[in-house]
Amino acid sequence: MTSVERTAYPQFKRLITAHELHLFFSPTRDELEWAADRTDSDEHLLALLLTLKSYQRMGCFPKVEDIPEAVAEFVRRAVELPEGTLPVYRSAKTMKNHRWLVRQRVGVAYDQVRALRIAEESIRREAASKNRPADLINIALKKVVEAGLELPAFSTFDAMASTLRKEVNAEICGGIHDRMSAFERAGLLCGCCGCCGCCGCWRSARATARPCTTG
């Protein structure tokens, strides 16, 4: 499994500076009014604002419980919600509705089938010249973002890169194998097993090889 830290997949930093909080997570007056018009409690207002700002920063939806406390507290203070207000959803339906609202506001499409197809095509194309899973994942991330689509989970990219890399490598090896003569294959086999012709590989190959006609 590829470490997410080795890729460009968006995630919260372990330490978020005050400058970053103000730069990336400060709700505008328009955003506050938009969220207030669409929520019925302080908890849902905070949750929707966090969902919006997190998506704007990351291009994907983290679970509310995975949003750092420093971010949640910064947004709560910024919009002057009562101390102790937590971003809590009463139901999964509300959470899904909030995500739909955010997608609508930022103009992104939720089309996982298309996103996966774009990711697969880009990984398969690049795997012929690149072998590091992190590089393949980064290429797929870029293509999905360029298409204006919501990012699938990192585990999806990771599993896809691993599977496609193996398939492409197998195809490359198969092509090399098919272009080799029986004599060359036997020589490769002997090199792998460490023998010096004593295992019969070379004798078998020589028996089927075409005779030399030069001289």
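The values are calculated or read from the model by the stated rules, or taken from the named source; none is laboratory data. Keep in mind that this is a model prediction, so the values were computed, not measured. Neighbour counts are summed over all protein chains in view; Cβ atoms, including those assigned to glycine, are modelled from backbone coordinates with ideal geometry. Surface accessibility is based on the protein's heavy atoms, side chains included, excluding ligands, DNA and RNA. Shrake-Rupley method; radii C 1.70, N 1.55, O 1.52, S 1.80 Å.
At 1.4 Å probe size, with no ligands or nucleic acids counted, give the accessible surface of PHE25 in Å², nearest ten.
Approximately 10 Å² of PHE25 is accessible to the 1.4 Å probe.
Using Cα-only point scatterers and the Debye equation, what is log10 of I(q)/I(0) for region 1-49 at each q in 0.13, 0.18, 0.31 Å⁻¹, rounded to two decimals?
Log-scaled intensity ratios, in q order: -0.49, -0.75, -1.08.
So for the pair LYS166, ALA70, with labels modelled 7 Å out along Cα→Cβ, what separation do we get in nm?
In this crude label model, LYS166 to ALA70 measures out at 3.9 nm.
When a/c reaches 1.5 or more, the comparison of a/b and b/c decides; with that in mind, is region 45-96 rounded, prolate or oblate per its Cα gyration tensor?
oblate
Give me the number: length gained by fully extending ARG57 to ARG105, i.e. 0.36 nm times residue separation minus the C-alpha to C-alpha distance, one decimal in nm.
Fully extending the segment from ARG57 to ARG105 adds 15.9 nm.
Please compute the per residue accessible area over region 1-152 with all protein chains in place, 1.4 Å probe, rounded to a whole number of Å².
Result: 58 Å² of accessible area for each residue.
If you wrap a convex hull around the alpha carbons of region 7-146, what volume per residue comes out, as a whole number of Å³?
Once divided by residue count, the hull of region 7-146 is 122 Å³.
log₁₀ I(q)/I(0) of region 97-177 at q = 0.12 Å⁻¹, via Debye over equal Cα point scatterers, no solvent, to two decimals?
The calculated log intensity ratios at q = 0.12 Å⁻¹ are -0.38.
Expressed in nm to one decimal, what extension gain is obtained for the pair ALA128 and LYS93 from 0.36 nm per residue of sequence separation less their Cα-Cα distance?
Length gained, ALA128 through LYS93: 8.3 nm.
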